[in-house]
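All remarks here apply to the structure that follows.
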Amino acid sequence: MAGATPQSAPVSGQPPPLTVVPLPRIHRGWRVFIFYSCALLLTGLVSMLFADLLWRTGWSASRTLLLVLFAALFLLIAVGCMHGVFGFILRVIGNPRRITQADCRAQSIDGTSTAIVFPIYNEDIVRAYEGLRATYESLQRTGQLEHFDFFILSDSTDPDKWVEEERRWYELVGELDALGRVYYRRRTDNEGRKSGNVRDFLSAWGRRYRYFLVCDADSVMRGETLVSLVQLMEAHPTVGLVQTVPALVNARSLFGRIQQFSNRLYAPLFIAGLNYWALDLGNYWGHNALIRTEPFMQFCDLPQLPGKKPFGGYILSHDFVEAALLTRENWEVWFAYDLEGSYEEVPQEMIENAQRERRWCQGNLQHSLVLFAKGLRGVNRLHLLLGISGYLAGPLWLAFLLMFNWIHWYQKYTGLSNITVHAFTPFLNLNGTTHALLVFAICMGILFLPKVLALIDLAFDWERRRAFGGLARATVGVAVETVFSTLHAPLLMLWHTRFVAMNLFGVSVGWSRQKRDTDSTTWWYAVRRHWGHTLIGLVWGLFMWRLNRYLFWWFTPVFTGMVLSIPLSVWTSRRTLGARVRKLGLLLTPEETKPPLELVSLRSQMKIHEITDDTTPRQPHAGLADAVLDPYVNAIHVSLLREKRFNPVYAEQLAKLGVGHVGVQVLGEKLLVEGPALLTAPERLLLMTDAHAMVWLHQQTWLRAGESLAPWWRAAIQEYSRRD
Amino acid sequence: MDLPVESPITGLGALTDVSGRLAGRPLEEWNAAYGKVENYFHALRIRNKALLGQLVLRVLERAMKRAPSEPGHSATQIAAEEMDRTVTEWFAAVLQEPPTNADQMLSTRGRLAMLLADMPGKWQDQFLRPPPWPDEFVQSMRDAYLRAGPDFQLSKMAPRPLDLGPITTLTNLGRIPYLKMSLAWTLFVLLLVMVFVLTH
């Protein structure tokens, strides 16, 4: 881990290219070999057993295909299981090979500068800013705040959101007394989405900061964790990125609480297992990770992929590739998996979760183009491959089930007799049914072993056990989670199959706002989203019933999830059900039983907003009205726009948009006389991007006689005069 | 700075016509003008009613002085212009920046300074007042500056070439004419072969 020092560049100015002397990586090769050999060995043996089962009723081409699908799917679950097993062993015997092994608490961070950036895109601003506040205040308590700056990097395209972001930013810096410590910047051009947003930040301010940490809009970080991350970086000059493992928190629906519980219980094992073979060639998950700015700027600007969307163009899941580009240049990337105090939230509903999956699916499938890129480390190729496989597993599983059905249908309707022969492995002395049951039991064992190991791990850790509400409750929680995931898995299978197919047919995903904490799914919405799943479940079930009633019962978990998808989606989205389960002491997580200060602060602030914020739905274009009419909001908006002049890149973008052009004044006049509804959305955005136009509009709305303004403006002015 | 220090009521009394008109305009017109100016000051968060009324009357008095010489303009229009001028002149005096007709940014800077200096909360009574002002108020107004970020330290990130290996060749295949059609036919043939194999 240590031993080589990079040829560091100065923080300012154009630095020379950074080089890092590659470290001897003696153990990793063996680790990768041992880890994947175990998975492969297991797959080989069980596939042999399965092939032997197929052999009993006569071989055919369809059986060959079935065997191939079985082996591919089993390999994936075996790899998953190995992560659990290796992680469990490492947690029992201890793991000296981790970045947090060395005690860096005495490491000084004087002279360092770190930017904590929050890229946002039409987000729930209140929640995003409260997350920032909780992180800020937590950092303040460490006494090390002076080494950190915060940036809200907006890519919002909704004018109302834009104005609200500016207004609330001002309120936030006022409340925190953080003017000059918490900054706000909105891009006029959303090129490259989130990665483009971060790249834009780096191009403007990157050289001011030795490190930067990317947060999601729902991230919260503990101040001590941030300081520890910087200390780790300072102590290990060859490390380019440290990824924390964010704990899922603040879930309220049953679905969210199940996800949160499984994340908190199983993730420590899985990530310890992942760290076993990845070591210093870890991965980046896009947020809650500290990054060394200079090498990131030099090596991680992503090229566009050749070809058309959805495979070509900007890389949506940029994080994996950025980690691969860092390690390609010999920079180390580590998982700080035992560092607590890193949090994020989870979608509260199955449908929202699926929408997020769709975005990730496209991003991960894009990785197939990068998979064979020259110079990448083998371990990083494995990270990419595992990501792709996660989404290909759905269609593969569906193909396996369909092929299985086909074989039985063919057998029945061709009138061929099902003569059972001796198995290829007669020494097992199994009849056909027992043989099939054995294969099934092994598959289930491999699937559920990590869950059992997680419970055993919990049983031997008194403090953690208490944090999960005790072993008995945690065991019931695992049972609930298992039942739910059994029903949810077939739906994910159908969703993933659809997403993969859509990608293959060239349908690209748009960039929509991520809904993080919404109200429960309504019945009508669930019907619209799940009617296809229900229909497939019913037709398939009926088909199996007519085909073979014995097999039908084996397939019931698959049909049940599909047939019950609508009520499952509605019920699991309910906050009341989540609260009831919590009251019973089930699905508890350490952050619920002993909430950390930063989460308590976040929740109380959100509660205050819930009570005090005006929830009356605002009129359309209310943000525009605020930015034009309110003397202070207008002043903030214009001042932030004027700052852009100092950056030639921004100035060029503004000019390209048409800012300052005489046409903007014409649009402004149209806005005053006819009202905002008669302007297109881009026209309204253009006006709001032009500082001079916004000053002029403010002046004109207050100077002109009411008759010369559109009725919409007269009503808006009236509203202002009544406002307290 | 030309801000009257005498009572605005006294000043207005001199402009009252015997016919029940003010400065040659019907009272309703001045009522509308009053509403316009009051609305803007209300938007500036001047919440003290006594102060608000006094400030509005001060602006109206200036408007009334102008009104007889500008019969083509409504009282509201004249009052709004006077309001803008009064406020801008006051910003210029406090911020020590001479007002120019070309740059409307003084008003923006002034409003921002008022916000950052917490004028609505702490210094409401200083709004539109002639000098001298409390040092703390003047200092906080002049120091007020809002920034989106620290000084830019510009650099250019440039993507390094990434040799995608065999994928580059594959993506280039897409440029071959009729490739999709050929692929569709090949898939169809493969499907037929598969159906045959599976059913025999």
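The values are calculated or read from the model by the stated rules, or taken from the named source; none is laboratory data. Predicted model only: the values in this text are computed from it and were never measured. Here the Cβ is made from the backbone with ideal geometry for all residues, glycine too, and neighbour counts use every protein chain on show.
Below, the figures for the structure above:
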| item | result |
| --- | --- |
| Restricting region A:629-647 to residues that are part of a helix (DSSP H, G or I) and over 27 Å from A:Asn197 (Cα atoms), the residue that is farthest from the other protein chains (Cβ to nearest Cβ) | A:Leu629 |
| Selected residue (only one of A:Ala115, A:Ala134, A:Ala102 is farther than 22 Å from A:Asn190 by Cβ, small (Gly, Ala, Ser) and within 24 Å of the chain's Cα centre (by Cα)) | A:Ala134 |
| Qualifying position, being among the polar types (S, T, N, Q), touching a Leu at 6+ places or on another chain (Cβ under 8 Å), within 14 Å of another protein chain (Cβ to nearest Cβ) and under 30 Å from A:Ser195 (Cα atoms), among A:Thr100, A:Thr114 | A:Thr114 |
| Options A:Leu66, A:Leu45; residue that is at pLDDT 65 or above and within 22 Å of A:Phe427 (Cα to Cα) | A:Leu45 |
| One residue from A:Tyr720, A:Tyr650 being assigned to a helix (DSSP H, G or I) and in contact with a Lys or Arg (Cβ under 6 Å, 6 or more places away or on another chain) | A:Tyr650 |
| A:Ile271 vs. criteria within 19 Å of the chain's Cα centre (by Cα) and buried (at least 23 other Cβ atoms within 10 Å of the Cβ) | no |
| Test: residue in region A:681-699 that is charged (D, E, K, R), under 29 Å from B:Leu116 (Cα atoms) and crowded, with 20+ Cβ neighbours inside 10 Å | yes |
| Matching residues in region B:137-164 - criterion: being among the aromatic types (Phe, Trp, Tyr) and under 23 Å from A:Ala115 (Cβ atoms) | B:Tyr145, B:Phe152 |
| Per-region count, region A:48-62, residues in a helix (DSSP H, G or I), of a type outside the set (A, V, I, L, M) and modelled with pLDDT under 90 | 4 |
| Options A:Glu171, A:Glu165: the member that is over 27 Å from A:Ser108 (Cβ atoms), free of Cβ contacts under 8 Å to residues at least 60 places away in the same chain and in contact with a strand residue (DSSP E or B) (Cβ under 6 Å, 6 or more places away or on another chain) | A:Glu165 |
| Residue that is surrounded by the most Cβ atoms within 10 Å (Cβ to Cβ), among those in region A:574-608 that are part of a loop (DSSP other than H, G, I, E, B) and free of Cβ contacts under 8 Å to residues at least 24 places away in the same chain | A:Pro595 |
| Residue check for A:Asp216: of a type in the set (D, E, K, R), outside any helix (DSSP H, G or I) and within 22 Å of B:Asp151 (Cβ to Cβ) | no |
| Which listed residue is crowded, with 19+ Cβ neighbours inside 10 Å and within 14 Å of chain B (Cβ to nearest Cβ), from A:Leu66, A:Leu75 | A:Leu66 |
| Checking A:Val163 against (1) assigned to a strand (DSSP E or B); (2) farther than 20 Å from A:Asp200 by Cα, the condition it does not meet | (1) |
| All positions within region B:44-97 that are under 19 Å from the mean Cα position of the chain (by Cα), polar (S, T, N, Q) and within 12 Å of chain A (Cβ to nearest Cβ) | B:Thr88 |
| Members of region A:52-63 found to be farther than 15 Å from A:Trp406 by Cα and within 11 Å of chain B (Cβ to nearest Cβ), listed by number | none |
| Within region B:108-175, helices (runs of 4 or more DSSP H) holding 3 or more residues that are modelled with pLDDT under 90, at the interface with chain A (Cβ under 10 Å from one of its Cβ atoms) and in contact with a Leu (Cβ under 9 Å, 6 or more places away or on another chain) | B:166-173 |
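Here's the yes/no breakdown for (1) in contact with a His (Cβ under 8 Å, 6 or more places away or on another chain); (2) over 29 Å from A:Gly180 (Cα atoms); (3) free of Cβ contacts under 8 Å to residues at least 24 places away in the same chain:
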{"residue": "A:Asp626", "(1), (2), (3)": "no, no, no"}
{"residue": "A:Arg645", "(1), (2), (3)": "no, no, yes"}
{"residue": "A:His692", "(1), (2), (3)": "no, no, no"}
{"residue": "A:His698", "(1), (2), (3)": "no, no, no"}
{"residue": "A:Gln718", "(1), (2), (3)": "no, yes, yes"}
